[in-house]
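For reference, the structure is listed below as structure tokens.
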Amino acid sequence: MSVALNTLIAAAAGGAVSAIVVIAKTGKPDVGMVGNGVLGGLVGITAGCGAFNTFGSLVTGAVAGALVVYSVLYIEKKGVDDPVGAVSVHGTCGIWGVLAIGLFSRYDDAFLGRDDAGLFYGGGFDQLSVQAVMVVIIIAWTAVTAGIAFTIIKKTTGLRVSAEEEIAGLDVSEHGSSGYHMESTN
């Protein structure tokens, strides 16, 4: 039950904080960004949902909700093609979630080997150090495997669609019909 509660709390906190942050940053609400905040909260809590108490879950989700907004805006500013914020949700919030274990782990979830492993519960920097090393390993593994996969895709089927297909929309070229009502595309 605590895992379900922790997951729900983190998702709600991520959505709420992302709504507040996006309004503060842009001056207007953004439903898509709030959706990413909820997803960011879910991604952030995934690694530690069995080891956190409700406070750790709340903070983890809230931080993920803020991080996803800043990360999306930063990536867009740099011109990276990530229209749905997947790198921010899964990359940025995933890194945060892995590090959060070293801060908020309260209970042994059968992987940590002890209660109170998190820095804020007297665990010192041991678990946080392990989590930081894991972040580096995950980034390295992801960069290598994604690099290989994208190289193979680029040399075989290609990474981009034609300009005409992009303008028409992949829903039309791949599925034969528009995903939008005609009046909303004018």
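Can you give me the angle between helix 93-104 and the longest principal axis of the chain, using Cα atoms only, in degrees from 0 to 90, rounded to the nearest 10?
Long axis of 93-104 versus the principal axis of the chain: about 10 degrees.
Run the numbers on the stretch 2-131 and let me know its relative contact order in percent, using alpha-carbon pairs under 8 Å that are six or more apart.
Details: 262 pairs, mean separation 32.1, N = 130.
That works out to 25 percent.
If you put +1 on each Lys and Arg Cβ and -1 on each Asp and Glu Cβ, how big is the dipole of the chain around its Cα centre, in Debye rounded to 20?
400
Find me the longest stretch of the chain that has none of the exposed chymotrypsin sites (Phe, Trp or Tyr not before Pro), where exposed means in a DSSP loop (not H, G, I, E or B) with at most 15 other Cβ atoms within 10 Å.
The segment 1-110 is the longest one with no such site.
The numbers here are math on the coordinates, done by the rules we state, and not lab data. Bear in mind that the values here come from a model prediction, so they are computed numbers and not experimental data. FYI the Cβ positions are ideal-geometry reconstructions off the backbone, even for glycines, and counts take in every protein chain you see.
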